[in-house]
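J.: Shown below is the structure under consideration.
The values are calculated or read from the model by the stated rules, or taken from the named source; none is laboratory data. Quantities reported herein were computed from a predicted structural model and do not represent experimental measurements. Don't worry about glycine lacking a Cβ; one is built from the backbone with ideal geometry, like all the others, and counts go over all protein chains shown.
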Amino acid sequence: MVRTLFPVFPSHNSARQPRSARLRGVSGSLLLSCTLMSQTEFRTPKGTHDVLPEDHQYMTYIKKAVRHRCRQAGYKRIDTPMFEHRAIFERGIGAHTDIVEKELFLVSGSKREGGEDAAPVFALRPEFTAGICRSYIEHGMQQLPQPVELYAIGQCFRHDRPQKGRYRQFHQFDLEVIGLRDPSLDAQLIHVLKNILSDIKIFSRLTLQINNIGQPESRKAFADALKDYFIGKERHLPEIDRNRLESNPMRLLDSKEEDTQILVKNAPKLSQFVSEESKQYHETVLEYLTALGVPYMENASLVRGLDYYTQTVFEFWDQSTGAQNAVGGGGRYDGLIELLGGKPTPGVGFAGGLERMIWHMKEAGVTVPNKDQVDVFVAQLGPEAKKQCLTLVSELREKGVHTVGALGEASLKSQMRLADKFQSRYTLLLGKMEVKHSTIILRDMQAGKQKEMKLADVIPEVIKLLGKENLDTYVLRDHIGDVDED
Ligand code: AMP
C-alpha cells in the first residue's frame, strides 16, 4: 500500500500538452504507484512523511509566496537550529501547555558522552517563536532599527498522537515582528498573511478569528475567577479539563469537551477582566484591519494554547471544520523576550502549517506549476554516439533545456519507450549512421513525427521549438528572487 499524505491526482501525461500549458499548472503524477512500492523493511517513523516530488511543487509554491510577500514587507529570513535547549521552550511556551507537557521531542546527547543515560538537555523545536526570540537576544538585535521583522520556513516537531492534519514532523512558515508595540503592526502582519493565503488561493476557504486576551495581570485575575467559579463543579469536568483548571485554566475556554463547554457558558468572561487599554488596543487593530480590507470574526473564546501570548491572538480557521484544523495562528507576546532573559521587548508573530495549506489547495483544486518536466530525451546507440550525446546533453542543459539521456546500452526502441515514460516532449536519436554523417534525428513525441537534421543545428532548433521564454535559465545576480531556495 502506498501511504500518501494527501489525495493523489490522477497521473497526467504533460507531454501531450504544450509546454506553456504545463507551466501554467499541472500536478505531475506521483512517482510511486501501488505496484511499484517495494516491501521495505524500514518505513518512515510514525507521524512523519516523505515529501515526494509532487508535493514539493506545492511546497515550493507556498514558500515562494511567503518569500515574496515577506520581502515586500521588509522581513528578513532567519534559520534557527532544529533543536534548542529545552528550557527555552519550557520557559517560553509554558511548562503547563500541551506542547511542552506532552508533545516535546526530547533529545539526548551522544552515547559517547554518556548522554543516553543523562536527562535530555535539548528538544526539537515544536515551533519557531521561542528560538527566534532567543536568537534576537543572543545576537543583540535590539541594537538594530526596530521593529526587527524576521521570517522562517522549516520543520517543526511535536510528539502528538498522529491523525489527519496532525503529524510529528511538519512544516511551518513563521513571521515575527519584534521590538515595537503598535496595533498597526498586528494589523500589518495579518494583512501580509492574508496576501500569502490569497496568493496560494485558499483565503476564501478560511475565516480569520481574532480576540484580545489582555495583559498577564488581567489573565491572572480571570484565571482566579474561573477557578472560583468551578469550585464544587470540578467533578462535572472531564479529567483533562480538571487538570487544566489547576495548571492553565484559560484553556477551558477553547476546550473541545462538551461538558466543559456547557459549564463555561455561565462562567465569568475574559472580557470582564481585560483592561480598557487592551480593549482600545483591540478596537484599533480591528479598525486597521477594516482599513486594509481584511475580513475578521471576533471570537471571545479564542485563547491559543501557549503561555506567552498577551493582547491580540488570532487564527485562520477552515470555514467548514472550525478550530479543529486551523491552518495557522499567532498573536502578540510582549513578555516572552524578558522571560528568556532579554530586556522587556514586545513582539507579534504567526505560524502556519504547510501540510494543512497543501491539503486546502488540493481540496480547492488549485494547481501549481510543474517545472520538473523533461523537455528532451537523448537516445543513442554505440560508444561513439554515447560520447557525443554526453556533450549534447550537457550543452542542452546549459541552455536551460531539461534533458535526460545517454543512459544504458538498450536498443533505440527501448530507449524510445523510456522517453515516452519520462513524458519527454522531444527525443533526439543518435545511432551509428548519424554519427558517421554528423546528423541527428529529432522526434516530436506529441505529434509522432520525426526528421533528420545536421547535428550542429539541433540545439537552436530545440530552443526554437520550446520557445526561448520557456527555457530554465537564470542569472543569480538578476533573478535571485526566482531561485528555488529551500
Ligand atoms: P499552533 O501554533 O500550534 O497553532 O500551530 C500553528 C500551525 O501549525 C497550525 O495552525 C497548523 O497549521 C500547524 N501545525 C501545528 N501542529 C501541527 C501538527 N502536529 N501537524 C501538522 N501541522 C501542525
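J.: Is there any pair linking a residue in region 325-346 that is under 22 Å from E298 (Cβ atoms) and touching a residue at least 24 places away in the same chain (Cβ under 8 Å) to one that is within 16 Å of the ligand (Cβ to nearest atom) and in a helix (DSSP H, G or I), with Cβ under 6 Å and at least six apart or on different chains, and which?
T.: Listed by first residue and then by second, the contacts come to N325/R356; V327/R356; V327/M357.
J.: Follow-up question, since we're still on this one. Take region 401-429 and flag every residue that is of a type in the set (D, E) and under 36 Å from the mean Cα position of the chain (by Cα). Before the answer, list the steps.
T.: The initial filter retains those residues of region 401-429 that are of a type in the set (D, E), namely 409, 420.
If the condition is that a residue be of a type in the set (D, E) and under 36 Å from the mean Cα position of the chain (by Cα), then D420 is the only one that fits.
J.: Please work out if L206 is in contact with a His (Cβ under 9 Å, 6 or more places away or on another chain) and among the aliphatic types (A, V, I, L, M).
T.: Values: in contact with a His (Cβ under 9 Å, 6 or more places away or on another chain): yes; among the aliphatic types (A, V, I, L, M): yes.
Yes.
J.: With outside the structural domain of Y151 (by TED's automatic domain parsing), hydroxyl-bearing (S, T, Y) and surrounded by fewer than 17 Cβ atoms within 10 Å (Cβ to Cβ) as the only criterion, which of S247, S255, S204 stands out? Break it down stepwise before answering.
T.: Working: S255 fails: surrounded by fewer than 17 Cβ atoms within 10 Å (Cβ to Cβ); S204 fails: outside the structural domain of Y151 (by TED's automatic domain parsing).
Checking each option against the conditions leaves just S247.
J.: Moving on. Report whether or not T321 is away from the ligand (no atom under 16 Å from the Cβ) and not charged (D, E, K, R).
T.: Values: away from the ligand (no atom under 16 Å from the Cβ): no; not charged (D, E, K, R): yes.
Taking the combined requirement at face value, the residue does not satisfy it.
J.: Turning to a different aspect of this structure: Would you tally the residues in region 153-164 being within 6 Å of the ligand (Cβ to nearest atom) and either at pLDDT below 95 or under 20 Å from T321 (Cα atoms) (or both)? Break it down stepwise before answering.
T.: The first filter runs over region 153-164 and keeps only residues within 6 Å of the ligand (Cβ to nearest atom), leaving 158, 160.
Subset that is either at pLDDT below 95 or under 20 Å from T321 (Cα atoms) (or both): 160.
The total comes to 1.
J.: For region 170-179, indicate whether the set of residues that are touching a residue at least 24 places away in the same chain (Cβ under 8 Å), away from the ligand (no atom under 13 Å from the Cβ) and over 24 Å from I93 (Cβ atoms) is non-empty.
T.: First, the residues of region 170-179 that are touching a residue at least 24 places away in the same chain (Cβ under 8 Å): 170-179.
Next, only the ones that are away from the ligand (no atom under 13 Å from the Cβ) stay: 177-179.
Next, only the ones that are over 24 Å from I93 (Cβ atoms) stay: none.
Checking region 170-179: not a single residue is touching a residue at least 24 places away in the same chain (Cβ under 8 Å), away from the ligand (no atom under 13 Å from the Cβ) and over 24 Å from I93 (Cβ atoms).
J.: OK, next. Consider region 212-243. How many of its residues are closer than 22 Å to T310 by Cβ, free of Cβ contacts under 8 Å to residues at least 40 places away in the same chain and either surrounded by 13 or more Cβ atoms within 10 Å (Cβ to Cβ) or under 34 Å from the mean Cα position of the chain (by Cα) (or both)?
T.: Counting residues in region 212-243 that are closer than 22 Å to T310 by Cβ, free of Cβ contacts under 8 Å to residues at least 40 places away in the same chain and either surrounded by 13 or more Cβ atoms within 10 Å (Cβ to Cβ) or under 34 Å from the mean Cα position of the chain (by Cα) (or both) gives 3.
J.: Moving on to the next point. Take K371 and decide whether it is within 23 Å of the chain's Cα centre (by Cα), outside the structural domain of C133 (by TED's automatic domain parsing) and touching a residue at least 12 places away in the same chain (Cβ under 8 Å).
T.: Values: within 23 Å of the chain's Cα centre (by Cα): yes; outside the structural domain of C133 (by TED's automatic domain parsing): yes; touching a residue at least 12 places away in the same chain (Cβ under 8 Å): yes.
Criteria met by K371.
J.: Okay, moving on. Considering only region 281-306, state which residues are modelled with pLDDT of 95 or more, touching a Ser or Thr at 6+ places or on another chain (Cβ under 9 Å) and crowded, with 16+ Cβ neighbours inside 10 Å. First the steps, then the outcome.
T.: Initial filter on region 281-306 (modelled with pLDDT of 95 or more): 281-298.
Filter once more, keeping what is touching a Ser or Thr at 6+ places or on another chain (Cβ under 9 Å): 281-282, 284-285, 288, 295-297.
If the condition is that a residue be modelled with pLDDT of 95 or more, touching a Ser or Thr at 6+ places or on another chain (Cβ under 9 Å) and crowded, with 16+ Cβ neighbours inside 10 Å, then Y281, H282, V285, Y288, Y296 are the ones that fit.
J.: From (1) surrounded by 23 or more Cβ atoms within 10 Å (Cβ to Cβ); (2) away from the ligand (no atom under 16 Å from the Cβ); (3) in a helix (DSSP H, G or I), pick out the condition that doesn't hold for E338.
T.: Failing condition for E338: (1).
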